[in-house]
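What follows is a set of notes on a single structure, which appears directly below.
The values are calculated or read from the model by the stated rules, or taken from the named source; none is laboratory data. This is a predicted model, so every value here is computed, not measured. Don't worry about glycine lacking a Cβ; one is built from the backbone with ideal geometry, like all the others, and counts go over all protein chains shown. Just so you know, the surface numbers come from the protein's heavy atoms only, side chains and all, with ligands and any DNA or RNA stripped out. Shrake-Rupley method; radii C 1.70, N 1.55, O 1.52, S 1.80 Å.
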Amino acid sequence: MSVSTLLVLSALASSPAPADAPRHQLSLYVRSGATVYLSPARTQGGVGGGLGLRDTVDGRWLLQADANGLTGLGSAFSVRVGAGVQRQGWWSPAALVNLTGVFGDRLDFLTPEHPVAITGPALGLGVTLAPARFNLGSAQVSVLELGVGVGTDRPGLGLLYGLTLLEVGMAL
């Protein structure tokens, strides 16, 4: 492991849990940003926004799912499910592992390896880092989350990129 990875993990694990924190805290969030899947066989995604539901377990562990409408390369739709860990406290950076599916319009590229357009959604498994996340009472705000992942368009791999410009959530 690199030194920077160890520093991030130790910062996430270093803050104590508040004594009165609920075991499960559900929150609803809205987000805006971009998701793009690029492979030798297709390009899919765009910019837009969406709505999601998050469960924060013991103030540290995150389970979330969201759906996003995207435009720019036609009309697309992405669905993301993820799990991760956050630092407790008012500044709560997070790291998550996500499975993302991108559905809808796309640009197909016919090559000798892909003589026929690939059917189905683009699927990617990746990591999202959210260094600028803040808990403000029952609200959560995150700015500039960065995500990268990998998917398969057999034969070959695709890259999945995600950028969240702003995410605002409210505890239920």
Problem set entry | Some residue of region 35-48 being hydroxyl-bearing (S, T, Y), touching a residue at least 60 places away in the same chain (Cβ under 8 Å), within 16 Å of L159 (Cβ to Cβ) and not in a strand (DSSP E or B) | yes
Exercise. From the list S92, S14, which residue is among the hydroxyl-bearing types (S, T, Y), at pLDDT below 90 and over 30 Å from A117 (Cβ atoms)?
Worked result: S14
For this session: Specify which of the listed residues (T119, T152) is over 22 Å from V30 (Cβ atoms), among the polar types (S, T, N, Q) and out of contact with any Gly (no Cβ under 9 Å at 6 or more places or on another chain).
Result: T119
Problem set entry | Selected residue [buried (at least 19 other Cβ atoms within 10 Å of the Cβ) and either touching a Leu at 6+ places or on another chain (Cβ under 8 Å) or without any contact (Cβ under 8 Å) to a residue 24 or more places away in the chain (or both)] from G101, G69, G52 | G52
Seminar exercise, completed: Only unsatisfied item for T128, checking (1) modelled with pLDDT of 95 or more; (2) open to solvent by 30 Å² or more (accessible area, probe 1.4 Å), is (2)
Seminar exercise, completed: Across (1) on the phi > 0 side of the Ramachandran plot; (2) at pLDDT 95 or above, D58 clears everything bar (2)
Exercise. Within region 149-165, can you find the residues that are open to solvent by less than 80 Å² (accessible area, probe 1.4 Å) and closer than 19 Å to G84 by Cα?
Worked result: G149, V150, L160, G162, L163, T164
Exercise. Name the residues in region 81-109 that are out of contact with any Phe, Trp or Tyr (no Cβ under 9 Å at 6 or more places or on another chain), more than 15 Å from W61 (Cα to Cα) and hydrophobic (A, V, I, L, M, F, W, C), would you?
Worked result: L99, L107, F109
For this session: Determine which single condition V148 fails, assuming it passes every other condition in (1) out of contact with any Pro (no Cβ under 6 Å at 6 or more places or on another chain); (2) in contact (Cβ under 8 Å) with a residue 40 or more places away in the chain; (3) on the phi < 0 side of the Ramachandran plot.
Result: (2)
Seminar exercise, completed: Checked region 24-59 for anything of a type in the set (D, E, K, R) and out of contact with any strand residue (DSSP E or B) (no Cβ under 6 Å at 6 or more places or on another chain); matches are D58
For this session: Identify the residue in region 17-38 that is open to solvent by less than 60 Å² (accessible area, probe 1.4 Å) and at pLDDT below 95 and, among all such residues, is farthest from P121 (Cα to Cα).
Result: A21
Exercise. Does G82 qualify as being open to solvent by less than 20 Å² (accessible area, probe 1.4 Å), in contact (Cβ under 8 Å) with a residue 24 or more places away in the chain, touching a strand residue (DSSP E or B) at 6+ places or on another chain (Cβ under 7 Å) and under 14 Å from R31 (Cβ atoms)?
Worked result: yes
